[in-house]
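Everything on this sheet refers to the single structure shown next.
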Amino acid sequence: MSNSPTPSTRMDQFVALSSVLTGFTQDTLAPQLDPTDPPLKKLYLEAADKSSTQTVDALLAAFANLSGQPAQTIANTLLEVDSTNPTANALMARSILKLWYLGSWYAPTSLIATDGTVVAMNAYIGGLAWSAMQAHPMGYSELKFGYWNSAPPPLSGVLPPSEANHG
Amino acid sequence: MADPKTYDVVIVGAGIAGGIIALELGRLGKHVLILEAGAPIPASREQYMENFFLSAAKTPESPYPPKTLAPAEEATPRPTILGLNNWKNAQKSYLVQPTPDPTFQPKQLPFASTYERIGGGTTWHWLGTSLRLVPDDLVMHSYYKAPGFGPGTDWPIEYSELETLYGKAEDEIGVSASVAEQAPLQQAIGLTYPAGYQYPMQAIPESLVDEAISQGVSGMSLFGQPVFVTPTPAGRNSQPRANRPVCAGNTNCIPICPIQAKYDATVTLNAALNTGNVDVQYRSVVTRLLADTQGRISSVEYITYNRELKPGPVTTSQVSATTYVLAAHAIENPKILLNSKSSAFPNGLANSSDQLGRNLMDHVLYLSWALMPEGKPVFPYRGPLSTSGIESLRNGPFRSQRAAFRMEIGNEGWNFPIGDPYATVNDFINGTNVSALNPVTPPGTPQPSPSLKLGGRDLVMALNDRLTRQFRMACLIEQSPQAENRVTLDPTLKDGLGLPRPKISYGFDKYTLDGFMAAKQASSAIYQAMGATEFTDYSKSQSQPGYFEYEGQSFVFFGAGHVMGTHRMGSDPKLSVVDANQRSHDHENLWIVGSGSFPTVATPNPTLTLAALAFKTAASLGKALTL
């Protein structure tokens, strides 16, 4: 997905950025026919903007500048995974990443797992952490009686195809 | 009776015990009034679900009202986990907890279990575990002569009678289990069933976690007992039953089953109301019972309120009936009786034995957690919270020396131990290591390196690898009855209606603590046998409410949510509060029911047994009302 043309709207850019940060497809994050109302992308961009529109804009600009690079490289660069002194952009990227995984907003400076605020009911339910562990949100199963007695479907279904040059 | 407002029975508390008694008496045509302190049963559970989804801390109480930490301002405050986290501050903790004793840590600990005060009671967030006691559980004094289990601690009931009552309770709750799967427990711990008995529904399938532990402990023995995994009889539907769906494995029995596949007492309450003979009145907090000079209960005094927080002006009323049942749970029952003291009964009602409020017990919970070897996921966070346990260590000759325990296998990864997935997700984004899964210089790393900070596919893969290998076990340890572990009334601190709040004295004796140590030993031995890596670590847990030190080691205990023992049953009125029918020795028209009646607690989760006893009480009440 990272190789797609530069997205047109700010929301499109935010979704493309979110896909790269999370490792999940854009269609997983924001399906064409989004069953969630309001859509999570809208809630999450609002939450990030509420913290600092300026930083979100700076992050989106940095993302646009990395266009064409492998998704993992872009994610590592924006999140500053090797830095011990991350910039405001990187801290914002981490907060957005936590939002998608946990449905909770963490202030960019937070390092405490219990500090999050649940953004909305659907945000909790839509947390990617549950998909990453091949499970379902605790309290929201759409599965059938006894499913827990067999292994879940493979993870690959929700992820973009692995990139050839990714080690 | 001609006048519908003339009641045969007033029941205090709309939980499972009160519900069963109301249903049974309603079916007999008796007129029943239930006074429930808290909010009505909601028309649908959607509001409770929304509360749950939006709570940052998904504690057992999180779906239920009220959501404040202000016991002095609430009409029906109750113990909560958030309150427990503030246990030293009585402005936030409803229970007035003990002052910690720095000289001997295991004394003066906080009582760590919670309960609800709403229609349906605490079954809203029970796990559904429906284990029976075994015959030896009833005779800890006379058979095991266990230290601390003095005269008055044998149950005044024959196991054969209890067996019949269990059948009724399992039918009402709707228990899913297979007698054939339980059969190995006959030789191991003496569990038997009447010939030909079958549970109401087929067993709940085991989880992949259960299967991994089952394979790992194959051939193992501990403390002279075989170690094996047994599917847990559970009050959740494996087939459509009682207009409720089958379990969809929401992994959320506690705090709330989203689809009511798990039984809760609203089922029984609705059936009771449908008899046409039962009335329920919500937001009616009983303050005290009044007794005449002969000791017969003459009326119940209660307060009705409109607002939960800062109730403002309230109304005090009285209602009379032929008989009375206190079914308000094991802390509220003694609270009401102690608050009913008068010049004729200076120690409170039903308290000539001085046992009322004493012998407060829980199943002391030892929690441990581990990670399966790489490449061997067990796919937790799926299925009911628990589907199996190790029950084979619940009974044995060791009980003359130390407490027994059962081991509950968890299907929710490290959610209980460390609050996952939140802790581990934060760790791998922040580069922190609260979970212990993201250490500095991970094993196999050639050069010193900091904890990982990840994003993109790397994050997905790291989380998938760690989270799918997590599992935990919780040992529920039999706490011995101690007279000094008790509920009294705080002389000064009040709730929002001006009623005195429960004051707790609580701690562990050596018998219980040695059981705790054996539980730790067994848990570690099982992880080792499985080839799993144990991560249990309480060395930095000083700020947790259940922290204590014993034999030079750091521990944390948790409450199991099992509040028991405070109005124990017995045949000797000098040593017990109620008889085998849960009828007060002192007041012939008063019954006091629930797990407070347990003289000893053994190891099974108490709901099934207290439901069984409620059927016995209903029969005894029915007879008394017919005479």
Subject >> Sole exception among (1) surrounded by fewer than 19 Cβ atoms within 10 Å (Cβ to Cβ); (2) out of contact with any helix residue (DSSP H, G or I) (no Cβ under 7 Å at 6 or more places or on another chain) for B:Asn433, by number >> reply: (2)
**OP:** Please find, within the stretch A:145-161, the residue that is modelled with the lowest pLDDT out of those that are at the interface with chain B (Cβ under 7 Å from one of its Cβ atoms) and part of a loop (DSSP other than H, G, I, E, B).
**Re:** A:Leu159
Subject >> Residue check, A:Thr53 within 10 Å of chain B (Cβ to nearest Cβ), over 14 Å from the mean Cα position of the chain (by Cα) and in a helix (DSSP H, G or I) >> reply: no
Subject >> Tally of residues being within 14 Å of another protein chain (Cβ to nearest Cβ) and assigned to a strand (DSSP E or B) across the stretch B:355-390 >> reply: 2
**OP:** Only residues in the stretch B:577-597 that are basic (Lys, Arg) count as the first member; pair them with residues that are surrounded by fewer than 24 Cβ atoms within 10 Å (Cβ to Cβ) and not in a loop (DSSP other than H, G, I, E, B), Cβ under 9 angstrom, at least 6 apart or cross-chain, and list the lot.
**Re:** B:Arg583/B:Leu590; B:Arg583/B:Ser620; B:Arg583/B:Ala624
Original post:
Restricting attention to the stretch B:520-542, and to residues there that are among the β-branched types (Val, Ile, Thr) and not in a strand (DSSP E or B), which single residue is surrounded by the most Cβ atoms within 10 Å (Cβ to Cβ)?
Top reply: B:Ile526
**OP:** Assess whether A:Ser18 counts as being over 28 Å from B:Asn464 (Cα atoms) and either polar (S, T, N, Q) or in contact (Cβ under 8 Å) with a residue 40 or more places away in the chain (or both).
**Re:** no
Original post:
Has the stretch B:22-35 got any residue that is within 14 Å of chain A (Cβ to nearest Cβ) and outside any loop (DSSP other than H, G, I, E, B)?
Top reply: no
Subject >> Which numbered condition B:Leu33 fails, given (1) out of contact with any Lys or Arg (no Cβ under 8 Å at 6 or more places or on another chain); (2) at pLDDT below 95; (3) of a type in the set (A, V, I, L, M, F, W, C) >> reply: (2)
Original post:
B:Pro417 is checked against (1) more than 25 Å from B:Gly515 (Cβ to Cβ); (2) more than 7 Å from chain A (Cβ to nearest Cβ) and fails just one. What number does that condition carry?
Top reply: (1)
Subject >> Of all residues making up the stretch A:114-124, the number that are within 7 Å of another protein chain (Cβ to nearest Cβ) and modelled with pLDDT of 95 or more >> reply: 5
Subject >> Pairs where the first residue, in the stretch B:440-461, is within 7 Å of chain A (Cβ to nearest Cβ) and among the basic types (Lys, Arg) and the second is assigned to a loop (DSSP other than H, G, I, E, B) and surrounded by 13 or more Cβ atoms within 10 Å (Cβ to Cβ), C-beta under 8 Å, 6+ apart >> reply: B:Lys453/A:Glu80; B:Lys453/A:Val81; B:Lys453/B:Gly431; B:Arg457/A:Gly23; B:Arg457/A:Leu159; B:Arg457/A:Pro160
**OP:** Of the conditions (1) in contact with a helix residue (DSSP H, G or I) (Cβ under 7 Å, 6 or more places away or on another chain); (2) closer than 30 Å to B:Leu360 by Cα, B:Ala483 clears all except one; give me its number.
**Re:** (1)
Subject >> Lone unmet requirement of (1) crowded, with 18+ Cβ neighbours inside 10 Å; (2) over 22 Å from the mean Cα position of the chain (by Cα); (3) under 30 Å from B:Thr315 (Cβ atoms) for B:Asp264 >> reply: (2)
Original post:
Out of curiosity, is B:Ala560 in contact with a helix residue (DSSP H, G or I) (Cβ under 9 Å, 6 or more places away or on another chain) and either more than 25 Å from B:Arg399 (Cβ to Cβ) or buried (at least 23 other Cβ atoms within 10 Å of the Cβ) (or both)?
Top reply: no
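The values are calculated or read from the model by the stated rules, or taken from the named source; none is laboratory data. Note that the coordinates shown come from a computational prediction; the quantities given were computed from them, not determined experimentally. Note: ideal-geometry Cβ built from the backbone for every residue, glycine included; neighbour counts use all protein chains shown.
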